[in-house]
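The values are calculated or read from the model by the stated rules, or taken from the named source; none is laboratory data. Predicted model only: the values in this text are computed from it and were never measured. Because the Cβ atoms are built from the backbone with ideal geometry, glycine has one as well, and the counts that use them run over all protein chains shown.
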Amino acid sequence: MTTSNGLLLIDKPRGVTSHDVVARVRKVLQERRVGHAGTLDPMATGLLVLAVGPSTRLLRFAQGETKTYEGVVTFGVATDSLDADGAVTDRREVPALEVDVVNAYAARMLGTQLQTPPMVSAIKVGGQRLHALARQGVEVEREPRSVTISSFSLDATERPDQWSFAVTCSPGTYVRVLLSDLAVALGTLGHLSALRRSASGDHDVADALELDDLAARVLRGEPVLAPPSAFVTRLEAVVVTGDQASRLRQGQRVELEERDGDEIAAMDEAGALVAVLRRRAETWQPVVVLPSEPPSGPSGEPR
């Protein structure tokens with residue numbers, strides 16, 4: 001096993017699951033502790049944020065990030081999964097659609113709202129995955145979830161039944177449900193036919209590696225991980241002394257100058273993340289502690 005520790009951005013290809021990507025990364029990095037933030041369906045491509053090694057304790061910060069997607073919706077055809085991987089369940093004529101009208105309807109969907117998850121999803125109800133129940137022909141009641149749509153716009157393509165779209169939304173949003181609801185509002189049906197995640201918080205797919213590129217870089221001894229601190233860039237950071245860092249790594253509280261917020265990132269004097277701290281009365285308690293970083297060679301691997 002290596003002592004890999006940090007954030008990894010992968011550009012997921014179409015046709016593989018997010019779990020498949022995690023399994024490949026585990027093998028390439030020879031590290032069992034790998035997790036991802038925000039599942040992408042097999043048909044989707046784009047940014048998958050992964051945590052490696054002890055940084056898996058920081059995944060909640062990436063899981064809570066706003067997501068940005070782009071893709072294509074096909075109007076006039078409904079599927080049981082609301083995307084192109086599903087079986088066609090109904091067809092309806094597509095009315096003449098104008099860009100201004102379509103985007104006016106999309107604008108009505110901005111803001112916070114309740115969204116019912118689709119049956120074909122990985123959510124568990126009564127200990128069973130919804131998609132497993134759906135394959136058995138069973139439909140169960142799903143609890144609506146609160147989601148927020150920050151931006152949503154569409155453009156016409158050469159095909160009158162297919163429109164490109166871009167959406168920025170809160171984590172947990174089902175884009176295929178959003179598009180299906182839009183289609184109904186426009187007087188037709190629709191399903192998601194292409195989806196790509198372009199950003200998650202401050203992380204962009206332009207900075208992500210393809211799986212084959214990851215393996216090649218590791219073979220060449222090149223660094224592929226961002227430091228653990230990349231997970232907590234939105235937290236206020238405070239530099240702690242060597243003595244404070246040692247105490248924090250032993251689970252002890254420390255006293256610091258007054259800080260805003262109830263959670264901060266404690267950094268050592270070299271700029272490495274020591275711990276995430278939570279306010280406890282007049283002191284700060286470590287709630288996530290990272291191991292000290294050993295000196296590294298040119299490849300970024302510990303010497």
Which number in (1) of a type in the set (S, T, Y); (2) within 30 Å of V287 (Cβ to Cβ); (3) assigned by TED's automatic domain parsing to the domain that holds I149 marks the one condition that T79 misses? (2)
Check G111 against each of (1) of a type in the set (G, A, S); (2) loosely packed, with under 12 Cβ neighbours inside 10 Å; (3) at pLDDT below 95; (4) under 23 Å from the mean Cα position of the chain (by Cα) and name the one condition it does not meet. (3)
Residue pairs within 9 Å by beta carbon, gap of at least six or interchain, first lying in segment 97-114 and charged (D, E, K, R), second surrounded by 12 or more Cβ atoms within 10 Å (Cβ to Cβ), listed first then second, are E98/A156; R108/A185
Do we have A87 as over 22 Å from Q63 (Cα atoms), loosely packed, with under 11 Cβ neighbours inside 10 Å and at pLDDT 95 or above here? no
Check N103 against each of (1) in contact with a strand residue (DSSP E or B) (Cβ under 9 Å, 6 or more places away or on another chain); (2) under 30 Å from L290 (Cα atoms); (3) not aromatic (F, W, Y) and name the one condition it does not meet. (2)
Search result, residues across segment 244-261 that are at pLDDT 90 or above, under 32 Å from the mean Cα position of the chain (by Cα) and charged (D, E, K, R): R249, R253
Does at least one position in segment 272-291 carry a residue that is modelled with pLDDT under 90, under 24 Å from L8 (Cβ atoms), out of contact with any helix residue (DSSP H, G or I) (no Cβ under 8 Å at 6 or more places or on another chain) and not in a loop (DSSP other than H, G, I, E, B)? no
Out of the residues in segment 245-271 meeting the condition of being assigned to a loop (DSSP other than H, G, I, E, B) and polar (S, T, N, Q), tell me which one is nearest to V289 (Cα to Cα). Q250
Would you please name the residue that is farthest from A62 (Cα to Cα), looking only at residues in segment 161-172 that are assigned to a loop (DSSP other than H, G, I, E, B) and modelled with pLDDT of 95 or more? D161
From the options A44, A104, residue that is modelled with pLDDT of 90 or more and outside the structural domain of S170 (by TED's automatic domain parsing): A44
Strands (runs of 3 or more DSSP E) (entirely within segment 3-74) containing at least 1 residues that are more than 25 Å from A272 (Cα to Cα) and touching a residue at least 12 places away in the same chain (Cβ under 8 Å): 6-12, 45-52
Kindly list the number of the only condition in (1) surrounded by fewer than 20 Cβ atoms within 10 Å (Cβ to Cβ); (2) within 20 Å of S151 (Cα to Cα) that fails for A206. (2)
Mind checking whether some residue in segment 193-212 is under 24 Å from Q113 (Cβ atoms), among the polar types (S, T, N, Q), touching a strand residue (DSSP E or B) at 6+ places or on another chain (Cβ under 7 Å) and assigned to a helix (DSSP H, G or I)? no
Residues of segment 174-217 being touching a Phe, Trp or Tyr at 6+ places or on another chain (Cβ under 9 Å), hydroxyl-bearing (S, T, Y) and within 17 Å of T66 (Cβ to Cβ), in sequence order, are S198
May I ask you to verify whether L225 is in contact (Cβ under 8 Å) with a residue 24 or more places away in the chain, more than 29 Å from E70 (Cβ to Cβ) and either of a type outside the set (D, E) or in contact with a Cys (Cβ under 6 Å, 6 or more places away or on another chain) (or both)? no
Restricting segment 228-244 to residues that are touching a residue at least 12 places away in the same chain (Cβ under 8 Å) and part of a helix (DSSP H, G or I), which is surrounded by the fewest Cβ atoms within 10 Å (Cβ to Cβ)? G242
Being of a type in the set (S, T, N, Q) and over 20 Å from V232 (Cβ atoms) is the filter here; which residues of segment 4-37 pass it? T17, S18, Q30
Count of segment 17-31 residues which are polar (S, T, N, Q) and surrounded by 13 or more Cβ atoms within 10 Å (Cβ to Cβ): 2
